[in-house]
Amino acid sequence: MKRLVLLAALALGACANPLGDPATFDNNDVELAVGNTARMGCSCLFVMNMDEAYCRAWVKASPDVAKMNIDWADKSVESSAFLSFAARARLVDDKRGCVLE
Amino acid sequence: MKALLFSLLSSAALAQTPCPTREAWPTQGWPEALVDTSAKATQLAALEAYAFTLTGDDAERTGLRTNSVVIIHEGKLKYEKYARGFTRDNRHLSWSVAKSYSSALIGTAVKEGLVKIDDSICVYLPEYVNSPKCSIRVKDAITFATGLGWQEEYEDASYQASSVIAMLYGIGHRDQLHHVLSHRQAAEPGKQWNYSTGDAHLAAAVAQRALAQRHGRDAFWKVLFEPIGTPNVVFEVDAKGTPLGGSMVYATPRDFAKFGFLYLNDGCWNGERLVPEGWVSASTTPSETFVQHAPEGQSTPSGYSWWLNIERPPPTVKERPWADVPNDAFSANGHWGQFIVVVPSWDLVVVRTGDDRDSRIDLNELAKLSYEVVR
């Protein structure tokens, strides 16, 4: 039941904040959560060179719904939540760090 | 006539303030003179009890959570300590310490004659040349004075109300310069002081465009990071390649200390000025916009994206922000408790990196206890 309430709340969040209000931005919390996890996770692992356990804790945000999948060979982090939200960040080089695609 | 010209040129040369001299410059690494742990046991215990004691629940990420402290005194590394898995080799996220870097990079561009701070930003960003945003000057971007209706909110506010979160992770992330300049013009440039990650992003974009003409895409490294011995600084960009100068610089604490040391030495490094004469002084003087337009509750004055330990002018606040630290101190400050503190009269640079999610280490206490260790 709790999960259902959470999903309903998130779905409402996705519909809120229509464009046109200059004081708000058309993002919902899940989009932001996966963007945060991908960007910060990539930088934590491949720029700060911290270990995976540390970086999983480093990126944790509210709502804590974003999964973090690491591609060590590609030096990238993909984050996803539910079925339709995803983001990816990749280390571009040793000067410019990670870019959220 | 030639004699007169020579005389005038000589006078001009003499009028320049010489760069400070040092026994050694830490380009290749910090000379070490670590404090005597026996003689300074009490002071070290006090510093470490304050800075390194977890005051909250680690799993819940609450309380003061220090990752490093580095102390430079009289040009030497006197103390360093790392915690929570960090070592001297790990870069750390700067958050808004990056703003001071972006300001310095504008300084390097001015020094090279590539930027004039009273120019419109559109001189350097020609794609906006027909935009009303052309009334914003370069100087406005380093003094939080663009007048943009920027909303500097973080995790503790509505995510949808935050210009920063939308820019870094949301709808604005692919083209962050566009996101910044899409904000409405809430006030005439120079007539509103509004702390803004967007303004610093704008400054870094201007610096990048100007410096790249001469130095290419690695300009920041060529004009600043490499000359001070910090070639491993990472300055992140967005998908369009625009540097994220308000928040996304990564460096080791020792390298952050070198940046502080540059400002401790009036912008000079081993006899060479990297920013114009007077730049550090202007950076550490309250900006005109701050003096005239900063909101009442903003008690710590700012110059060119550095925070200053002086009473707010006019002195509506009667105390310096960091009461136990001399009034010539200034700092670069970042979210979650990142600090580069520079105290010229103590010949001191203190770097602290941290992960304070729900609280914040007190800069006054940190600087005071650090000085007690090395004095």
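Can you name the helices (runs of 4 or more DSSP H) wholly within region B:100-187 that have at least 2 residues being over 20 Å from the mean Cα position of the chain (by Cα), within 14 Å of chain A (Cβ to nearest Cβ) and at pLDDT 95 or above? Please lay out each step first, then the result.
On the way: elements: B:138-141, B:163-169, B:176-181.
Where helices (runs of 4 or more DSSP H) fall fully within region B:100-187 and carry at least 2 residues being over 20 Å from the mean Cα position of the chain (by Cα), within 14 Å of chain A (Cβ to nearest Cβ) and at pLDDT 95 or above, they are B:163-169, B:176-181.
Evaluate the following for B:H215: is it within 14 Å of another protein chain (Cβ to nearest Cβ), in contact with a helix residue (DSSP H, G or I) (Cβ under 6 Å, 6 or more places away or on another chain), open to solvent by 20 Å² or more (accessible area, probe 1.4 Å) and modelled with pLDDT of 95 or more? So that I can check it myself, show each step before the final result.
Working: within 14 Å of another protein chain (Cβ to nearest Cβ): yes; in contact with a helix residue (DSSP H, G or I) (Cβ under 6 Å, 6 or more places away or on another chain): yes; open to solvent by 20 Å² or more (accessible area, probe 1.4 Å): yes; modelled with pLDDT of 95 or more: yes.
For B:H215, the condition - within 14 Å of another protein chain (Cβ to nearest Cβ), in contact with a helix residue (DSSP H, G or I) (Cβ under 6 Å, 6 or more places away or on another chain), open to solvent by 20 Å² or more (accessible area, probe 1.4 Å) and modelled with pLDDT of 95 or more - is met.
In this structure, does B:A207 turn out to be more than 14 Å from chain A (Cβ to nearest Cβ) and either more than 23 Å from the chain's Cα centre (by Cα) or among the hydrophobic types (A, V, I, L, M, F, W, C) (or both)?
On the way: more than 14 Å from chain A (Cβ to nearest Cβ): yes; either more than 23 Å from the chain's Cα centre (by Cα) or among the hydrophobic types (A, V, I, L, M, F, W, C) (or both): yes.
The answer is yes for B:A207.
Look at region B:188-212 and say how many of its residues are open to solvent by less than 10 Å² (accessible area, probe 1.4 Å) and assigned to a helix (DSSP H, G or I).
Keep residues of region B:188-212 that are open to solvent by less than 10 Å² (accessible area, probe 1.4 Å), which gives B:196-207, B:210-211.
Now restrict to residues that are assigned to a helix (DSSP H, G or I): B:197-207, B:210-211.
So the answer is 13.
Right, B:P295: open to solvent by less than 40 Å² (accessible area, probe 1.4 Å) and more than 30 Å from B:A24 (Cα to Cα) or not?
So B:P295 does not fit the description; no.
Please work out which residue is farthest from B:T42 (Cα to Cα), limiting yourself to region B:337-375 and to residues that are buried (at least 22 other Cβ atoms within 10 Å of the Cβ) and polar (S, T, N, Q).
Once the filter is applied, the top-ranked residue is B:Q338.
Looking at this structure, is B:F261 surrounded by fewer than 24 Cβ atoms within 10 Å (Cβ to Cβ) and under 13 Å from the mean Cα position of the chain (by Cα)? Break it down stepwise before answering.
Values: surrounded by fewer than 24 Cβ atoms within 10 Å (Cβ to Cβ): yes; under 13 Å from the mean Cα position of the chain (by Cα): yes.
Criteria met by B:F261.
Rundown of residues vs (1) within 16 Å of B:V373 (Cβ to Cβ); (2) within 20 Å of the chain's Cα centre (by Cα), yes/no style:
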site	(1), (2)
B:E32	yes, no
B:S38	yes, no
B:A49	yes, no
B:G56	no, no
B:T66	yes, yes
B:I72	yes, yes
B:K76	yes, no
B:Y79	yes, no
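Within region B:337-373, which residues are at pLDDT below 95 and under 17 Å from B:A257 (Cα atoms)?
Hits for region B:337-373: nothing passes.
Quick check: is even one residue across region A:40-50 more than 10 Å from chain B (Cβ to nearest Cβ), in contact with a helix residue (DSSP H, G or I) (Cβ under 8 Å, 6 or more places away or on another chain) and surrounded by 23 or more Cβ atoms within 10 Å (Cβ to Cβ)?
Yes, that holds for at least one residue.
Is one or more of the residues making up region B:303-323 hydroxyl-bearing (S, T, Y) and in a strand (DSSP E or B)?
Going through region B:303-323, the residues hydroxyl-bearing (S, T, Y) turn out to be B:304-305, B:316.
Filter once more, so that each one left must be in a strand (DSSP E or B): none.
Checked against the condition, which is being hydroxyl-bearing (S, T, Y) and in a strand (DSSP E or B), region B:303-323 yields no hits at all.
Out of everything in region B:36-92 that is in a strand (DSSP E or B) and open to solvent by 20 Å² or more (accessible area, probe 1.4 Å), what residue ends up being nearest to the other protein chains (Cβ to nearest Cβ)? Outline the logic, then answer.
Of the residues in region B:36-92, the ones in a strand (DSSP E or B) are B:66-73, B:76-82, B:92.
Keeping just the survivors that are open to solvent by 20 Å² or more (accessible area, probe 1.4 Å) gives B:76, B:78, B:80-82.
Details: B:K76: 26, B:K78: 25, B:E80: 17, B:K81: 17, B:Y82: 12 Å.
Ranking the candidates gives B:Y82 first.
I need the full set of residues from region B:156-183 which are open to solvent by 10 Å² or more (accessible area, probe 1.4 Å) and among the polar types (S, T, N, Q), in order please.
B:S158, B:Q160, B:S182
Here is a yes/no grid of residues against (1) modelled with pLDDT under 95; (2) surrounded by fewer than 23 Cβ atoms within 10 Å (Cβ to Cβ); (3) within 12 Å of chain A (Cβ to nearest Cβ):
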site: B:P227; (1), (2), (3): no, yes, no
site: B:V233; (1), (2), (3): no, no, yes
site: B:A251; (1), (2), (3): no, no, yes
site: B:D266; (1), (2), (3): no, yes, no
site: B:S283; (1), (2), (3): no, no, no
site: B:S299; (1), (2), (3): yes, yes, no
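Got a sec? Which strands (runs of 3 or more DSSP E) wholly within region A:59-101 have at least 2 residues that are touching a residue at least 12 places away in the same chain (Cβ under 8 Å), open to solvent by less than 30 Å² (accessible area, probe 1.4 Å) and hydrophobic (A, V, I, L, M, F, W, C)?
Details: elements: A:67-71, A:76-81, A:85-93, A:97-100.
In region A:59-101, the matching strands (runs of 3 or more DSSP E) lie at A:76-81, A:85-93, A:97-100.
The values are calculated or read from the model by the stated rules, or taken from the named source; none is laboratory data. If you're wondering where the values come from, they're calculated on a predicted model, not measured in any experiment. Heads up, the Cβs are rebuilt from the backbone with ideal geometry, glycines too, and the neighbour counts pull from every protein chain shown. Ligands, DNA and RNA are excluded from the accessible area calculation, which covers all protein heavy atoms including side chains. Shrake-Rupley method; radii C 1.70, N 1.55, O 1.52, S 1.80 Å.
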